[in-house]
1. In the range A:220-250, what residues are buried (at least 16 other Cβ atoms within 10 Å of the Cβ), more than 9 Å from chain B (Cβ to nearest Cβ) and farther than 30 Å from A:LYS309 by Cα?
2. Out of all the residues in the range B:627-646, is one or more basic (Lys, Arg) and assigned to a helix (DSSP H, G or I)?
3. Residues of the range A:115-143 being at pLDDT 85 or above, crowded, with 16+ Cβ neighbours inside 10 Å and hydroxyl-bearing (Ser, Thr, Tyr), which ones?
4. Only one of (1) in a helix (DSSP H, G or I); (2) of a type in the set (Asp, Glu); (3) modelled with pLDDT of 85 or more is not met by A:GLU177, so which one is it?
5. B:LYS681 passes all but one of (1) under 16 Å from the mean Cα position of the chain (by Cα); (2) part of a helix (DSSP H, G or I); (3) touching a residue at least 12 places away in the same chain (Cβ under 8 Å); which number fails?
6. Which members of the range A:224-251 meet the condition of being among the basic types (Lys, Arg) and farther than 19 Å from A:PRO162 by Cβ?
7. Within the range B:281-304, which residues are modelled with pLDDT of 70 or more and out of contact with any helix residue (DSSP H, G or I) (no Cβ under 6 Å at 6 or more places or on another chain)?
8. State whether one or more residues within the range B:709-723 are closer than 15 Å to B:PHE560 by Cβ and at pLDDT below 85.
Amino acid sequence: GDRLNGFENGKTQLLCLCVRLQVVLKIIKHYQEEGQGSEVVQGVLLGLVVEDRLEITNCFPFPQHTEDDVDFDEVQYQMEMMRSLRHVNIDHLHVGWYQSTYYGSFVSRALLDSQFSYQHAIEESVVLIYDPIKTAQGSLCLKAYRLTPKLMEICKEKDFSPEALKKACIGYEHMLEEVPIVIKNSHLINVLLLDLQEKSTVADKHELLNLSSSNHLEKSLQLLMDRVDGMSQEIVKYNTYCRNLTKQQQQKQQYLQRRQQENTQRQSRGEPPLPEEDINKMFKPPQAPPRMDTLLIAGQVNNYCQNIKAFTSQNLGKLFMAEALQGHSS
Amino acid sequence: MSRFFATGSDSESEESSSADEITPKATGTTFSKHIVCCPLRFRFEELTNIIKTIRNAMKIRDMSKCLEEFEQLYRAFLKSKTIVDKEGVPQFYIRLLADLEDYLNQLWEDKEGKKKMNKNNAKALSTLRQKIRKYNKDFETEIVSYKEVLNCSPNDEESESEEDEESEDWGSDSVDSGGESEDNEGAAASLAVVFLKKYVCFNLELLSLFLFDGFKRKRHKKMEQVDEEADEEGEGEEGGWEKVKGGVPLVKEKPKMFAKGTEINNAVVIKKLNEILQARGKKGTDRSAQIELFHALAGISNENNLGEGILVKIKFNIIASLYDYNTNLAAFMKAEMWKKCLECIDELLDILFENSNIFIGENIAEDSENLAISDQPFRVRGCILTLVERMDEEFTKIMQNTDPHSQEYVDNLKDEGRVCGIIDRLLQYLESKGSTEEVCRVYLRRIMHTYYKFDYKAHRRSLGLQGETKSEQDQEESEGEDSAIIMDRLCKFIYAKDRTDRIRTCAILCHIYHHALHSRWYQARDLMLMSHLQDNIQHADPPVQILYNRTMVQLGICAFRQGMIKDAHNALLDIQSSGRAKELLGQGLLMRNMQERNAEQEKIEKRRQVPFHMHINLELLECVYLVSAMLLEIPYMAAHEFDARRRMISKQFHHQLRVGERQPLLGPPESMREHVVAASKAMKMGDWRTCHSFIINEKMNSKVWDLFPETQRVREMLVRKIQEESLRTYLFTYSSVYDSISMATLSEMFELELPTVHSIISKMIINEELMASLDQPTQTVVMHRTEPTSLQNMTLQLAEKLGGLVENNERVFDLKQGVYGGYFNRDQKGGYQQRQNYQRGGYRNQNQSSY
């Protein structure tokens, strides 16, 4: 009942996302314990909607399980967990999920599908993307995304043909909308944090000035290159399709013309005209390649580019700073 | 009783006896009394029954039945092993075996009968025959003794007592022939008979069987007699035949040819000649006899001085019929035929040279021939050139069909001199008499026999080594002209006069080959380029293509000898990359193609093979190719270590490298390939000394390098190349480690002179392969350190990929527009592709080009 309080007809915009520090720490911990390298960890977000903002008050991880663990039922596990949490009087409403990412690679078909099913079932749900690598470099990186209503429409139709996407006027930049995050704590925790800040030394923050950046960049470039390759392939596919289509169109045209000529001749001779029903059977239009993947790749590439841009500009800043410092000291 | 048989019986029976013992034991407890006598009778009855069926089957020639029953008999015999061991092998069993074998052999010999037999029967016959032959080996002694009985007792069936007596007789008889110890044999025979007596009375059937056996034996005996008689007759015949053969020679045949007293003149001889000719090609004609007849006719016409005209005519026919002797195109001439053929052609040429008033030609019609001695010159139809060409082909065929590693091959090869001699004489003859067309043809023959031979004499002369006292040396010197001059003269004539493309093509190829063989690289190359053969050789017929391939290979090897590694590599690339060098050079058939071609194609391909003495050494070829690939590829690989779009220069070479890497355990190199791979690895590290030791050593010398005529020079060239390329590789690989490097050090490291090092480095700098500059006063190379880092490399790659992406995108757009070259200025399109070598040089241009 209370679920629909702020979210009627799905028209209300989710303006803000309040995340409790506890959730953030839990996610980080989850990754540190179970995630490794390019492996991804996932979990469920719990919380509630208050007016135009979504409050995420708790979360729990999906357990890692191997393929041969057939008995394991994820849904059942989730239900169990939520029931248990309810028993200890914790918010138990399912409001989304979280996922870790590896160098910002998260725009994928899998994410799209699961977020769609979430958003389809629970209007307000979001996906939290946590970037452990950036976080390790000193700045917490946590982002919340929702599928745009346009994309939701398309996903509902399940029509990813070029025409449909064209009609929907969707580009890679309109696929996901980012929801601003506010980390909100109780006053007690704020007090504790302020206290801790006092105590912490500057040494802990030296990481920020690290100038060796090539490793990170190399990785990003590699990933970017991989996606660019993928994009090229998609384009080639599309290209072939287009060419086939035009070719067929021409053939069709020729055929129709010939048939028409014949018919006029027949008419002049007083014979009945030939039927024209088989035209679509004869020229089956070639299978159009689904364009969703291209969109996703484009989104991912965009993502990488943003990352690299941010990273390099930061680094440039650092370099200038270092230069200035050097000039100052000498 | 069992003493003899215990020793005589085979191991098989012993084995089976142990197995068979179980059966009686199992049943033995209750019927212990029966076992003693019953099984004996029972078993033998079983055997005799089977034997009877076999005999019946034999009578009606039902072989499959026979086989079936024999197998049963065999099994039954095994079953009764215990008894047999105790009592000995029953005589009737032996008898059957012997009879059956004889019978089968008889059937086997009877070819007619075998043909009539149906398939099943024939098959059964052959299996049974084999089986019984094998099986009877175990009973050899028994069968022999049985046969002796047969031989000396034709009437043993009469009564048992007689048999008994006689059997004792043959016991002693066999001592002489059998060679066995008297006791044993005698005992065996007599005991066998006793045994027989004992069991024969068991039933009537057995008795009748024996009677039948006796009858059979009698018949058999008779048959043998007949055989003997036949043999005698055969001998008689043979003698008679020999006599005839002795009487056959020419003297006897002459009267056959012409009736006595006939005046032998032109007309008669020609008539006779035509008579013989008419038989030619007919089915029943004895071809060798025909040749004899021709010879005889030649003799007659000679005796009667009928003039050279007719003689030439006959000679033509003799040679033609010699060629005709083998109806099969694939078969080659026998040695004596070949000799005869050579002699004949020689004689014919003699006549032609002596009598300049003989005109021969294909286009002279039969009826306008003038064979009689008159004022007019002789006119004879026939073409000596065709005959000689055919002879040359026959020679090739003989060489193709001789085992190249035998003495026979060497002997046959000695005839090459004669063949060349004949061709030379014909050449002289035709030069004075033939048309240009014919001259071209005979020139080509001459060229074909010259082009692949290395002219040692000229080689030595060019080296200034003269005055060697070898007698053959003197001979050679007296021969005169260098082969190069001859080739030049002949080929140029053909270039000028020939009107058929094929002869000219062949001549050019041979000319190039010859140039290449004698290390005249530039002439060879220029000729090859001028001929434009590369463009249209695929339209030529296979033998010409093979010649082309041989020429290309020789050209490549020549380039290698001259130190033009790149040219060598390019020339050999096509042949080597296919992996079918052997086939392409016509030096052998590839096994893996066996399924693809049928027998007919295989025959055709076999006919195309180049005789062994003209072969190009395949290992040498591969080695030259791999070494030149190594010299090109290793520095290239070092220079383009980070390049994502690096292209392989030589796939074959990379393949060898990969094979080398896959080896789990790397021992010292054995084969030529392993040597090259090991050398490549050393070169990769810039270690030229190791590389050198792998490429040039005892093994490689004997395998490859010693095959070159100027082996020392080639080796020196190789060492130098290895040093230079190793230096380059070293600089590519390790330049990032150095700030600067002294050229003196480099020259010491690679044992190259300072100017050489200087020039190599300068070249690298000019080509923007090495980012460095030379510091003249200190003689050092100063590195610029502009090598891109891996991140930069990656960025370059990304840029390239993006270029591709944009291009693809544009194509989509073009399609939408319906016009190619809309929207963007298409001139820029090239920009993406041109920038393939971003790596070193291209990297800088990047800023200049805008897109």
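The values are calculated or read from the model by the stated rules, or taken from the named source; none is laboratory data. Remember, predicted model here, so these are calculated numbers, not experimental data. Glycine gets a Cβ as well: all are built from the backbone with ideal geometry, and neighbour counts include every protein chain shown.
1. A:TYR241
2. For the range B:627-646, residues basic (Lys, Arg) and assigned to a helix (DSSP H, G or I): absent.
3. Answer for the range A:115-143, where residues must be at pLDDT 85 or above, crowded, with 16+ Cβ neighbours inside 10 Å and hydroxyl-bearing (Ser, Thr, Tyr): A:TYR118, A:SER125, A:TYR130.
4. (1)
5. So B:LYS681 meets the others, but not (1).
6. Matches in the range A:224-251: A:ARG227 only.
7. Scanning the range B:281-304 gives B:ASP286, B:ARG287, B:SER288, B:ALA289, B:GLU292, B:HIS295, B:GLY299, B:ILE300, B:ASN302, B:GLU303, B:ASN304.
8. Yes, some residue in the range B:709-723 is closer than 15 Å to B:PHE560 by Cβ and at pLDDT below 85.
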